[in-house]
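Please read the structure below before turning to the comments.
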Amino acid sequence: YALQRQTTLLEALSAAGGPTPDAGFEVILTHAADQQALSSGTSKASAAANGQSAVRVSLEQLMAGGVPQRITLQDGDVVYVPAAAFVYLTGEIQRPGRYRLEKDATIQKTVTAAGGFTKFAATKSMIVQRMVDGKRLEFQAGPGDLLQAEDVVVVHPSLF
């Protein structure tokens, strides 16, 4: 987007149509001076020593007007909003599917967001499938276990 006047980060995001539903939790702003320093062979350490580094801002706070400083853009700046991480719920869940991974998300919190367990759920024998070093591993999980990006929670039916 071309900067016609002094533009804030919030104004630029709004001009781009705002964040998508799959947006992550932060906005990363890299100033053009940072990119020039890195491409000219200046190390990241010396760029940081000159006060040049990526600015990370909470997307939620920015959109709510809760960012205390007014962040203005410069010619050549790059604004990046990473995609959110997701987890997947399957089996005896009211609404199985893909869910955004919230901060400090436990299985119980995520299942609650999915409408809860069905009456047939075996809540004591849940399985989490997780990619570790390129291999999908499975392990027993409890309601208080923390989830990671791309985890698959499988809730089997109860035998009784």
What are the ³J(HN,Hα) values, in whole Hz, obtained from phi via the Karplus relation 6.51 cos²θ - 1.76 cosθ + 1.60 with θ = phi - 60°, for each residue of the stretch 14-24 in sequence order, with x given for Gly and Pro?
5, 5, 7, x, x, x, 7, x, 8, 5, x
The chain: calculated mean residue ellipticity at 222 nm from DSSP helix runs of at least 4, using -39500 (n - 2.57)
-5000 deg cm²/dmol
On a C-alpha basis, how far is the centre of the stretch 1-20 from the centre of the stretch 51-81 in Å? Whole number, if you could?
11 Å
Taking the Cα-to-Cβ direction at ASP22 and at GLN6 and moving 7 Å from each Cα, how far apart do the two end points lie in nm?
3.7 nm
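Laboratory data are not the source of any read-out in this text; all were calculated from the coordinates shown. Everything quoted here is computed from the prediction, not taken from an experiment. Glycine gets a Cβ as well: all are built from the backbone with ideal geometry, and neighbour counts include every protein chain shown.
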